[in-house]
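The structure appears below as structure tokens.
The values are calculated or read from the model by the stated rules, or taken from the named source; none is laboratory data. All values reported here derive from a predicted model rather than from experimental measurement. Positions of Cβ are backbone-derived with ideal geometry, glycine not excepted, and every protein chain shown enters the neighbour counts. Accessible surface areas use protein heavy atoms only, side chains included; no ligands, DNA or RNA. Shrake-Rupley method; radii C 1.70, N 1.55, O 1.52, S 1.80 Å.
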Amino acid sequence: MSGVLYLAWRYLLWHRFKTAILVLAVTLVIYLPVGLQLVVQRTAADMTARADSSPLLLGSRGSPLELVLNSLYFSAGSPPSLDYGQLQELRDSGLVEPIPLYVRFHSAGHPIVGTNLDYFDFRGLELSRGRQMVGLGEAVVGSRVAQQLDVGAGDAVVSSPESVFDLAGVYPLKMWVVGVLAPAFSEDDNAIFVDIKTAWIIQGLGHGHQDLARPEAAAAVLKKDGERIVANAALVQYNEITPDNSDTFHFHGDNDSNPLTAILPVPHNDKAQVLILGRYQSHPELQIVQPRLVMDELLATVFAVQRYVLVAMVLVGIATGAVVLLVFLLSLRARRAEMDTMSRLGGSAIAIGSLMLAEVALVLLASALLAATLTGATLILGGPLLQAVVTQ
Amino acid sequence: MRKLLVITVLLLAGCGVEGEVPSTEAVGTGVPVIYTVNYPLAWMAQQLLADTAEVVFPAPANVDPAFWQPDTDTVLRYQQADLVLLNGAGYASWVARVSLPGRTLIDTSGAYPEQLLTVPAGPSHSHGPGGQHSHGELAFTTWLDLGLARQQSQAVSVAAQRLLPSQATAIEQRLAELQRMLTVMDERLMALGRQLGERPLLYSHPVYQYLQRRYQLNGRALHWEPDQVPDEAQWSHLQGILQSHPAQIMLWEAQPLPEVQVRLDELGIKTVVFSPMGNRPPSGDFASGMAANIERLEQ
């Protein structure tokens, strides 16, 4: 038996190019549906787990999917904004602990998430270096941001202008990184967290500037009309918040009318969740969604297409299998003279058949091993990689 | 393209895995810690909670907590507190410039926004697309209206009971005692207000707005500091006020310098220290400090 295996092994080695193509084809037939299914399942599981851990989302009326993708995965466009004042209304209800979210701006391609400290507790995010944000203009970055931008406590990140053509828009804000989060293996690793008030300053709703009533700001005064002072373009507005100028930063109007992209209400219990859902169900301007249901709805909508994809994969597999079978049959035909020689040398029909089968078995075994290795590697690396692609 | 990829991934998803829901409940580590932004709130919390919680008011004794700016380490300790009692009405403006967990913040004057008073705004100005605006503020020494102080103590009580449900009955009992104490002082001030009637008063600083409204006093505020000698412009400003507002009593946040007191005496103006009690008194507590304020004004 070992002689048959040895002869089969030598044959495959001699025809290494043909063998390599066969192994590769069979490997792909095995690996592609299995590996892809595994990656997709793991990614989907991670994504739905995040939706599961976020029981409710409150936003302005619009696309629920956009609200969920923006608020939980920091992707998609900004949903219509709602007023910060809604946060206090939710808190006053005594049913939930609301967490504000303002996900609109970016820095070097990473989302800037305006929120408050409750978010970190809610997501179980821990600092690996530095400290928690304290003042305006301070930021805590996710582990992937720290790695990709090579920033740590003491470094700075700058918000990106929303449009390069918006020359009259808000200046980019330089924010000091004070802490780096430990890897959470979620979208939070890719985000830059700032206080909600810092996010409003990025938008220009709050700013710091020279005191126009002081003599050193005289050059910036266009005109004085009683108690009213009009500044000209020379007025120095700060694009960085430091201990020296932080006192000058202020917001115009009531914070309650400042924007949020969403509120993450954390219900105190199941009954509170039902009550708060009912309260906002028919609200004319706001929508409250259960992220898991939104994701499930999306999955349900596309399950039919998923079946087509699986059928296509099976058909491709059958076609590849047929080609492999054809290759083996043609190979047998081409080797008829070789088999006649073996027969004349005293080889029985069983021995010759065993040799052929051994060659096929070795190719299949090698393919199976390679496919298993690829699947293992996919399990380890594929999920995070694909998730990074999906959420960026 | 990215949306397509998201949809493709979701398309192919066969099943999901139930994720763990992170809890927002803090793990209890013994006695809860309550931080406050001024002394009256610290006193109220201490009265209500006795030794069942650690009440911390970290401002140094020699500063006005309304304008104090805590350092980073102190703010980090505020972040760790189980409860942070705010006075509201824009008091301690540093709160608006730092990050604190929303779930721990209690605005003790949140129940009466319509009763808050505004102080004259600074000059309005405009620049850029934001339009005209000014940095006007609310008067924040709310607790000098002891009726509002009672409401603040109620807010502290509600937050304390939520924090320590097992102590709810005891807190309710202590609240009744605290409110009785505040009511007694409130009635004394009411009587004093009736006694003073329309007699003109002066205030060394604009911090007595709520005292004036509640007890119907007829006062006008200056911007004099107890540890500074007013310049001649300020004295002549005072002379001008006295023409139309012949006050004979001036309320001070603290004892003025002797030379200031002598000159006021010459003008026939009696100085009365009425401490707003924003910070911890050198001796006694809020109740004894307010009682002393009332006694000095009664004399």
Using eta = 0.890 mPa s and T = 25 °C, Stokes-Einstein with Kirkwood Rh from Cα pairs puts D for the protein assembly as shown, in µm² s⁻¹, at 80 µm²/s
Placing unit charges on C-beta atoms (Lys and Arg positive, Asp and Glu negative, everything else neutral), compute the dipole magnitude of the range A:64-141 about its Cα centre in debye, rounded to 20. 320 debye
Kirkwood-based shape ratio for the range B:181-288, expressed as Rg/Rh from alpha carbons: 0.97
Using a simple spin-label model with points 7 Å from Cα along the Cα→Cβ vector, what separation in nm is obtained for B:Thr183 and A:Gln147? 6.5 nm
If amide H atoms are modeled at 1.01 Å from N in the peptide plane, then the residues at a separation of 5 or more from B:Val37, or on another chain, having amide H under 5 Å from its own are B:Leu85, B:Asn87
Can you compute the helix-only [θ] at 222 nm over chain A? Use -39500 (n - 2.57) per DSSP H run of at least 4 residues, normalise by all residues, nearest 500 deg cm²/dmol. -16000 deg cm²/dmol
Given a 10 angstrom Cα cut-off, can you work out which residue in A:Ala153, A:Ala349, A:Ala372 is the most mobile in a GNM of chain A? A:Ala349
In the Gaussian network model of chain A, springs joining C-alpha atoms below 10 Å, which of A:Gly154, A:Gly85, A:Gly353 carries the largest mean-square fluctuation? A:Gly353
May I ask you to evaluate 6.51 cos²θ - 1.76 cosθ + 1.60, the Karplus curve with θ = phi - 60°, for each residue of the range B:32-38 and list the ³J(HN,Hα) values in order in whole Hz, giving x for glycine and proline? x, 10, 10, 9, 10, 9, 8
Just the number please: accessible area per residue for the protein assembly as shown, 1.4 Å probe, all protein chains included, in Å². 48 Å²
Note, the range A:347-359: 3J(HN,Hα) by Karplus (6.51, -1.76, 1.60, θ = phi - 60°), whole Hz, Gly/Pro = x, goes x, 6, 5, 5, 5, 5, x, 4, 4, 4, 5, 4, 4
Taking Lys and Arg as +1 and Asp and Glu as -1, residues besides B:Ala81 with C-beta under 14 Å from its C-beta add up to -3
Cα Rg, Dmax (largest Cα-Cα span) when computed across the range A:94-196, Å: 13.6, 45
Site A:Val311, offset 7 angstrom along Cα→Cβ, radius 20 Å on amide nitrogen, limited to the range A:24-55, gives A:33-34, A:37
Using each residue's phi in the range A:317-329, evaluate 6.51 cos²θ - 1.76 cosθ + 1.60 at θ = phi - 60° and report the 3J(HN,Hα) Karplus result to the nearest Hz, with x for Gly and Pro. x, 5, 4, 5, x, 5, 5, 5, 4, 4, 4, 5, 5
How many nm is it between the label spots at A:Ser81 and A:Thr341, if each spot is 7 Å from the Cα in line with the beta carbon? 8.3 nm
Buried area at the B-A interface (accessible, heavy atoms, 1.4 Å probe, summed, Å²): 4400 Å²
Long-range amide H contacts for B:Val55: which residues qualify at under 5 Å (H placed 1.01 Å from N, peptide plane, sequence gap of 5 or more or a different chain)? B:Ile34
Please give, to one decimal in nm, the separation of the simple spin-label points placed at A:Val274 and A:Leu381, each 7 Å out from Cα toward the Cβ. 5.0 nm
Specify the residue with the greatest mean-square fluctuation among A:Glu338, A:Glu240, A:Glu126, computed from a Gaussian network of chain A linking alpha-carbon atoms under 10 Å apart. A:Glu338
